[in-house]
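Coordinate-derived values only; no laboratory data. Note that the structure is a prediction, hence the values are computed from the model and not measured. Cβ placement follows ideal geometry from the backbone for every residue including glycine, while neighbour counts extend to all protein chains displayed.
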Amino acid sequence: MLELQKAYDPQQHEEGIYKRWEDSGFFNPDNLPDAKTREPFTISLPPPNVTGTLHMGHAFEDTVQDIVIRFQRMLGKKTLWLPGTDHAPIATESKVAKMLEKDEGKRKSDLGREEFVNRVKKFAQESHDTIVNQVRSMGASVDWSREAYTFDEKRNLGVRTAFKRMYDQGLIYRGFKVVNWDVKGQTVISDDELVYVERPAKLYTFRYSTDFPINISTTRPETKVGDTAVAVHPDDARYQKYIGQEYDAEFCGVPVHVKIIADQSVEKDFGTGALGVTPAHSMIDAEIAERHGLPMKQVINEFGKMTVGDDTMMGKKTTEAREIIVEWLKEQKLLEKEEDIKQNVSTAERTGGVIEPLPKLQWFVNVNKEFPLAHSEIAGIKTGEMVTLKKLMSHAVESGQITIQPERFEKIYFHWIENLRDWCVSRQLWFGHQIPVWYKGKEIFCDINPPSGDGWEQDPDTLDTWFSSALWTFSTLGWPESTKDLQTFHPTSVMIPGYEILFFWVARMILMSTAMLGQIPFKQVVLHGMVRDSQGRKFSKSLNNGVDPLDMTSKYGTDALRMAMVFGAAPGNDLIFDEQKVKGMKHFANKLWNISRFVLTVILREAKNLDPSVVSLPQDDKLTEADKTILAELVQATKDVTKHLEEFRLHEAAQTVYDFVWHKLADVYLEASKPQLLNEATADNTKKILLHNLIMSLKLLHPFMPFVTEHIWSLLKERGLVTEELLMVAKWPLPLPLSSP
RNA sequence: GGGCGGCUAGCUCAGUUGGUUAGAGCGUCACAUUGACAUUGUGAAGGUCACAGGUUCGAUUCCUGUGUCGCCCACCA
């Protein structure tokens, strides 16, 4: 007789099952049966940051991708799911810097670059190990033999190669421009790393001096000592007579020379309709200054402190200088008015610090420069054709070679490209890919390897983390070498990231892959939403509302967590995390377990010689109504689940299979089978149909709940009821014709 | 300022080209049940599908507008 526990205990089996999968070698596509004839199917795992531990968002992401990969593997594809981690310089470096300050009271400069970077690497390694274990515990069937890291040797070679090639094509240049300076993080950041925060502010209206003819308005009087012009609208009748004139003034002890200019970008109706132009400390003003050839005058330094003025102002923070100037304006009776307004202040996404626009010499990717595409496999673009990076990015999606789901994000993508400015890629951080450029006097040398000879010094800056991430789909496959992996698995099949990194990552991958390889990086992008807490808030450290996925898996089982994550979660929509749902799915796993217990018990009760042919389907004319119904419903469920999975409607697939297993098979057919089993005329058929339904259900459920299904499968295998050793590589049931496995 | 999304049962959400009584999970209520499973079963209550127009034989679904919550982009200095 069977001795199966009454309840399924995930804890008891999960680790061993994952080990069996790993030991089988089937996570590696090369080891799959008939690997040579299989069609490749590839997913690159969006690499989690090595800054700590995985959160619910990662658990969600791992689940979704594993479902797709397991489904495709069972369909007979040569499935590669390539894992890795991201070195995430800003986050990782600041985390280690904080720990250093807290534990040892030291700053990173106390250690020096080399020692500090070693510390960060050590931290990253520990964090990496934690993350890898968490990915494992989610049941992710990734190919660990191909694991990559955005900051390992191979990826570093990829980064240097890409930089060098783009430099040679003029796609990367060094320029002195106003950039987003993060005073707190002491580094430049790109436009995409800005977050606008609305704050109350004061709008001051004043003039530079008593003999200056025009009032201007600003929220930042302290920057006005750096003004080199006042801009008005060309059609503004009030100021026509002043256009072209130049004035000198002594503004709070600082001499300013201001030219009145006319520019279309000025709003007549805002403030006085006249704009003080500060070319060094405003992105917009810098653009105006460029159009009019105005000089740039820097008055604030990297620490957000004043670099001009007398003792009262020099070296003061901008906020202090502001008060000093306002006080001076009041004394001089130059202040016309002071209004309370709401203002959007740009801050750094990572550090939260206020951005101080500053002119700096930095490296940029030129997105508008025309260049001949050296090699193209992109439909609609010939090898050697003149393109721009912007054009490559938009063409890949416009032409339908890459589809983005949900579709509405395609519009957002195009809009982003239209407004895209050159991408600042240099960062003043120590942990990261150092820019492969060397200087000696006025000489500049860019190559993959350092120049020979003495006296060369490498650029101290490192590259934006997204520069290396942008190469991810192909750097992980061995690029710049022309490896077999690269030929086999690139372009990848589908990319499944969160919608919040559409610009940061997805767009940049398209940029790099098309420009470097002349290939799209992936055929489909399926964006998922964010996991939020029960009140709809983001999970964050400051709110301390995090839920550890590992707590959930140990409490309810990994299968339950996985099923709960996709059940009712439509693509691209945020997901409210609810522990009750996980609990419910634990019940479902147990339900499946008990269905299996029942089926196994009735089949094995009388069977003497267990013959796998028991699985073959019975004759039509002997079927009862209940038999016919469940068989028809199974066919329908199989069809629906397959179609939903093919089209990435995982939530629908999950719902369909859940409903079939619980409410059709268990609630209806199992009950109907009881009397049928007691009747000699129908008993045999009933057993066959029960077993057939169980086997099909296990297959349909496996991508969602791999552990419990694999465990039950092993029980069937032990009794010779199925042929394949592992359900993981068993053949996906094709809806028609109804086949015996 | 521009764009997008949500608004469906008490709660969290599905609803795949417009089509008979609009679904699920959890929750609630009643009843049942010691032989797969109480981590159960049967049944019930509960929705003017935000609102107003329009198209249509027919609209939760398509169009227009309004309200409301949220997100993205721009940055008016």
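Table for the structure above
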| read-out | value |
| --- | --- |
| Solvent-free Debye scattering, log10 I(q)/I(0), computed from the Cα coordinates of region A:496-616 at q = 0.10, 0.15, 0.22 Å⁻¹ | -0.56, -0.85, -1.20 |
| Cα gyration tensor shape of region A:80-227, rounded if a/c is under 1.5, else prolate or oblate by comparing a/b with b/c | prolate |
| Peptides ranked, highest mean first, by Cβ atoms within 10 Å: ranges A:129-139, A:46-56 | A:46-56, A:129-139 |
| Which of A:CYS446, A:CYS252 has the fewest Cβ neighbours within 10 Å, and the rest in rising order | A:CYS446, A:CYS252 |
| Expected-Rg normalisation [2.2 N^0.38 Å, Cα atoms] applied to region A:410-503 | 1.41 |
| Mean separation of Cα contacts under 8 Å (6+ apart) over length of region A:15-167, as relative contact order % | 33 |
| Protection proxy ranking of A:702-713, A:75-86, A:185-196 - average other beta-carbon atoms within 10 Å, highest first | A:702-713, A:75-86, A:185-196 |
| Nitroxide proxy distance, nm - points 7 Å out along Cα→Cβ at A:ASP152 and A:ALA570 | 4.0 |
| q = 0.12, 0.18, 0.20 Å⁻¹, region A:282-397: log10 I(q)/I(0) [Debye, one scatterer per Cα] | -0.72, -1.15, -1.26 |
| Angle between chain A longest axis and helix A:680-701 axis [Cα atoms, degrees, rounded to 10] | 20 |
| Percent of alpha-carbon pairs separated by more than 30 Å within region A:419-578 | 40 |
| Spin-label pair A:THR210/A:GLU579, simplified geometry with 7 Å Cα→Cβ offset, distance in nm | 7.2 |
| Calculated on alpha-carbon atoms, Rg and Dmax of chain A in Å | 32.0, 111 |
| Fully extended contour minus Cα-Cα distance, from A:THR219 to A:ARG408, at 0.36 nm per residue | 64.3 nm |
| Chain A: angle of helix A:408-418 to the longest principal axis, Cα-based, in degrees nearest 10 | 30 |
| Region A:222-368: relative contact order as a whole-number percent, Cα under 8 Å and 6+ apart | 22 |
| Which listed pairs, of A:LYS184/A:LYS224; A:LYS555/A:LYS688; A:LYS241/A:LYS268; A:LYS538/A:LYS583; A:LYS484/A:LYS523; A:LYS224/A:LYS259, have C-alpha distances above 25 Å, in listed order | A:LYS555/A:LYS688 |
| Average silhouette area of region A:356-401, convex hull of alpha-carbon atoms, in square nanometres | 4.6 |
| Prolate/oblate/rounded call for region A:651-731, Cα gyration tensor, a/c under 1.5 rounded | oblate |
| Segment A:ILE501-A:GLU724, length gained on full extension (0.36 nm per residue, minus Cα span) | 76.3 nm |
| Residue-count net charge about A:PRO40 - beta-carbon cut-off 14 Å; Lys, Arg +1, Asp, Glu -1 | +3 |
| FRET efficiency, A:ARG107 to A:ARG165 (Cβ-Cβ, R0 30 Å, nearest 0.05) | 0.20 |
| Inverse mean reciprocal Cα-Cα distance (Kirkwood Rh) of region A:347-460, Å | 17.8 |
| Chain A: relative contact order in percent, alpha carbon pairs under 8 Å with at least 6 residues between | 16 |
| Label-point gap, in nm, between A:VAL668 and A:ASP30 - each point 7 angstrom along Cα→Cβ | 4.9 |
| Full-stretch length increase - A:GLU323, A:GLU385 - with 0.36 nm per residue and alpha-carbon distance subtracted | 16.7 nm |
| FRET efficiency for A:ALA632 and A:HIS587, using Cβ-Cβ distance with R0 set to 25 Å, rounded to 0.05 | 0.40 |
| Sites A:LEU4 and A:LYS717, calculated FRET efficiency, Cβ-Cβ separation with R0 22 Å, nearest 0.05 | 0.90 |
| Formal net charge of residues neighbouring A:PHE503 (Cβ-Cβ distance under 11 Å; K, R +1; D, E -1) | -3 |
| Rh by Kirkwood over Cα pairs, then Stokes-Einstein D for region A:1-139 at 1.002 mPa s and 20 °C, µm²/s | 119 |
| Pairwise centroid distance, computed over Cα atoms, of region A:376-446 with region A:211-267, Å | 38 |
| Test item: Cα-centred dipole of chain A, Lys/Arg +1 and Asp/Glu -1 on Cβ, debye | 740 |
| Two-decimal log10 I(q)/I(0) for region A:206-361, as the Debye equation yields it once each C-alpha is a single scatterer, q = 0.11, 0.12, 0.19 Å⁻¹ | -0.42, -0.50, -1.30 |
| Expected 222 nm ellipticity per residue - DSSP helices of 4 or more, -39500 (n - 2.57), all of chain A, to 500 | -12000 deg cm²/dmol |
| Using distinct alpha-carbon pairs, which all enter the 1/r mean, Kirkwood radius of region A:67-130 in Å | 14.2 |
| DSSP beta bridges in chain A [antiparallel fraction, %, rounded to 5] | 75 |
| Cα gyration tensor shape for region A:522-580, rounded if a/c is under 1.5, else prolate or oblate | oblate |
| Integer Hz, Karplus 6.51/-1.76/1.60 couplings in order for region A:239-253, x for Gly and Pro | 10, 3, 5, 8, 4, x, 7, 10, 9, 10, 8, 9, 9, 6, x |
| Protection proxy ranking, peptides A:374-384, A:428-438, average beta carbon neighbours within 10 Å, highest first | A:428-438, A:374-384 |
| Rg(Cα) / (2.2 N^0.38 Å) computed for region A:145-248, rounded to two decimals | 1.80 |
| Once the Cα gyration tensor of region A:216-290 is diagonalised, semi-axes √(5λ) in Å | 19, 14, 11 |
